[in-house]
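For reference, the structure discussed in these notes is given below.
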Amino acid sequence: MSTGSGASSAPAPDPHDTRTALDTPARKNSMFSSLRVRNYRLFFLGQVVSNIGTWMQRIAQDWLVLTLTGSSAAVGITTALQFLPMLLFGLYGGVLADRLRKRPTLFVTQSAMALTAIALAVLTLTGRVEVWHIYVAAFALGLATVVDNPARQAFVSELVGRGQLQNAVSLNSANFQSARLVGPAVAGLLITGVGTGWAFLLNGLSFVAPLAGLMMMRARELHAVERAPRGKGQLREGLRYVSGRPELLWPIVLVGFIGTFAFNFPVYLSAFADDVFQGGAGVYSLFNTLIAVGSVSGALLAARRGTARLRLLILAAMAFGAVEIVAATVPELWMFALLMIPLGLFAMTVNVTTNTSLQMATDPAMRGRVMALYMMVFLGGSPVGAPIVGWITDTYGARVGFAVGGAIAVLAAAVIGLVLARVGGLRLSVCWHGGHPRVRFVPRERQEALAPVA
């Protein structure tokens, strides 16, 4: 890891040491320090506009499908088609992201997304839209994100360098979730006022901002990152790289379970808004907005906190699942709505902690493939999970579906937490400190030293 100007003589921590990742104290950062970098500032501002449009389209797309079909399972199918390309081709997208120059690659992928949104807008505004059109548009958008996601994730390191990487990743998440505060609200107004087609059109036009930002960047100020040469076996090389590093493998497995079963908010929240609380598009937008409030808080706390720790990831994942279980049981709309705030906070903590820990522990030449695998598992799990949770929701009700997703998150976090602790040479220590019980993981040799003498 890079150090500040006052370098210490202490040895640097081994990035492959899981115990270090679990126990190293966090380093404090300025919350917005990476915005001092001009290229990153242009990238950030462009994403602000584009992300608002993206959230508008997400809400409009889900609600349009629900309106046309009346089925939560159809919403799940739409989500599945959007993320199916990531599941099928995600690793190949990572290989391309490691080979290609990031800035021109992003220019192509962002342009493709804009054209997809505009095509869907034309169909909707002319009254010709059918469900299969939305399915095709969702799949086309997914194809573009296969390369766009890993390239955009890896491009951040070229914009800010290693020293500001964690802060920039956290601010990217805060950016995305801040747009979630505005996008759903605007989408709700557009849907109820003039129709879903205008949300699609505005999303298409919003891509002008990131495309302009990419064009205005100064190439000489980008941090040079070694690109992988063209060659055979690069996909297998990426898989071997991850499988041999527990600090990469197990967080990806954890977010795979959570992304597949617990992060299917379009299915769960649309069902709660429509079936449980008999609300409309405004209630659905409200749920998404309140989740965004918590998500922005979680992302900004991550930017302030500094070094991501795997222990925090495990605890946040368990808390996230527990909040889902509680939310599934509450009887009143206002209680459910308020729980969306901590749900968003813990969800974003899981997301940012996983993202930053993976990027910091990965060699630059492998970053595209590692992040592609992460995105493939996290987002690509939806083609498997969305139809399943949609069927559970339609068959047994929204409350059962939400509770099942939360229970899977809690169980996966508990099991993987124990696996990481064992791999890292840690044991669970329960002792009294200041008159209160204290539960934590400690090195095995320390656990033995703390054991009472017979």
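Here are a few things to note about the model shown:
- Selection count, the range 248-278, where residues are more than 18 Å from the chain's Cα centre (by Cα) and either modelled with pLDDT under 80 or not in a loop (DSSP other than H, G, I, E, B) (or both): 8
- Taken over the range 343-384, the residue count meeting the criterion of being assigned to a helix (DSSP H, G or I), within 22 Å of ILE325 (Cα to Cα) and small (Gly, Ala, Ser) is 3.
- Just one residue in the set ALA327, ALA361, ALA316, ALA347 is small (Gly, Ala, Ser) and at pLDDT below 85; that residue is ALA361.
- Conditions (1) surrounded by 18 or more Cβ atoms within 10 Å (Cβ to Cβ); (2) out of contact with any Leu (no Cβ under 8 Å at 6 or more places or on another chain): number failed by LEU115: (1)
- Test: residue in the range 122-141 that is under 20 Å from LYS102 (Cα atoms) and of a type outside the set (Gly, Ala, Ser): yes
- Among the criteria (1) more than 23 Å from the chain's Cα centre (by Cα); (2) under 17 Å from GLN47 (Cα atoms), the one PRO184 does not fulfil is (1).
- Scanning the range 293-339 for residues that are among the charged types (D, E, K, R) and in a helix (DSSP H, G or I) yields ARG304, ARG305, ARG311, GLU324.
- A Cβ distance below 6 Å, combined with a sequence gap of six or more or placement on separate chains, defines the contacts here; from the range 36-55, residues that are without any contact (Cβ under 8 Å) to a residue 40 or more places away in the chain reach residues that are among the hydrophobic types (A, V, I, L, M, F, W, C) and surrounded by fewer than 24 Cβ atoms within 10 Å (Cβ to Cβ) in the pairs ARG41/LEU35.
- GLY142 vs. criteria among the small types (Gly, Ala, Ser) and at pLDDT 85 or above: yes
- Options THR54, THR79, THR67: the member that is at pLDDT below 90, more than 22 Å from the chain's Cα centre (by Cα) and assigned to a helix (DSSP H, G or I): THR67
The values are calculated or read from the model by the stated rules, or taken from the named source; none is laboratory data. Values in this document were obtained by computation on a predicted structure and should not be read as measured data. Methodologically, a virtual Cβ is constructed for each residue, glycine included, from the backbone with ideal geometry; neighbour enumeration extends over all protein chains shown.
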